[in-house]
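The block underneath contains the structure these notes are about, expressed in structure tokens.
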Amino acid sequence: MSTRQNPAYVEPDSDEVRTEQPLPGGNGNGPHLGSAPSAESRDQSSHRKSRPTGEADYIHEIIARYGEPFFAGSRPKLNDRFWARLYIRENELIYSREANEFYRYNTRTGLYYPFSKAALTEELCERIYFASNSQEEKWNPLGRLCNAENVSGIIKILSGITEIRNPFQSPTPA
């Protein structure tokens, strides 16, 4: 669970800001395992966190803590915990249990915007696909695993990792 409190956000199709306290966030594209899209090729690159230059360092750190990106065998399976931690490492995201919705931070505006589970599913599938094309042959099974059914567990874990109770509610004065 994140320690952030009272992030600012904008309602969909509105310019109304619900909280006047923008939070600091990333300011560029994070490194990617493999050849993930660059900022220039993505429409919504403003949600990417900036990262230190050591891409392999943080990926190796995640592998050491949560295991390899997938479990090999006759029926390969994604390691949901690995992918959830990698996604959070590269993106600013919070989850509101009350609204049952994800919100993604935009570094340009300093606000959180609603982010659908369908859009999150597509981004996760894209990220896994790019990783499958970036490593040696042992990573090829990832290409067959990047679909909505296989990433649903990652989204559940992301909900738990990023959950904040009443994230847009201002504190009541005492």
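The values are calculated or read from the model by the stated rules, or taken from the named source; none is laboratory data. Just so we're clear, the structure is a prediction, and the values are computed from it rather than from any experiment. Because the Cβ atoms are built from the backbone with ideal geometry, glycine has one as well, and the counts that use them run over all protein chains shown.
Here is how the numbers come out for the structure above:
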read-out	value
Subset of segment 108-122 (residues that are surrounded by fewer than 19 Cβ atoms within 10 Å (Cβ to Cβ) and either among the charged types (D, E, K, R) or over 13 Å from I155 (Cβ atoms) (or both))	R108, T109, G110, Y113, P114, K117, E122
Residue in segment 100-108 that is of a type outside the set (A, V, I, L, M, F, W, C), within 13 Å of G160 (Cα to Cα) and touching a residue at least 12 places away in the same chain (Cβ under 8 Å) present	yes
All positions within segment 140-151 that are surrounded by 14 or more Cβ atoms within 10 Å (Cβ to Cβ) and either assigned to a helix (DSSP H, G or I) or more than 18 Å from the chain's Cα centre (by Cα) (or both)	P141, L142, L145, N150, V151
Output for segment 146-164, where each listed residue is in contact with a Phe, Trp or Tyr (Cβ under 7 Å, 6 or more places away or on another chain) and within 13 Å of I128 (Cα to Cα)	C146, I154
Complete set of residues in segment 86-103 that are buried (at least 22 other Cβ atoms within 10 Å of the Cβ) and over 15 Å from F115 (Cβ atoms)	L86
Residue among I94, I62 that alone is farther than 15 Å from C146 by Cβ, part of a helix (DSSP H, G or I) and under 15 Å from the mean Cα position of the chain (by Cα)	I62
Residues within segment 123-139 that are loosely packed, with under 14 Cβ neighbours inside 10 Å and assigned to a helix (DSSP H, G or I), tallied	2
Criterion: touching a His at 6+ places or on another chain (Cβ under 6 Å), of a type in the set (D, E, K, R) and either assigned to a helix (DSSP H, G or I) or at pLDDT 95 or above (or both) - qualifying residue of R104, R85	R104
Hits in segment 107-122 - residues which are within 21 Å of R85 (Cβ to Cβ) and assigned to a strand (DSSP E or B)	Y112, F115
Segment 151-174: number of residues that are at pLDDT 95 or above and not hydrophobic (A, V, I, L, M, F, W, C)	7
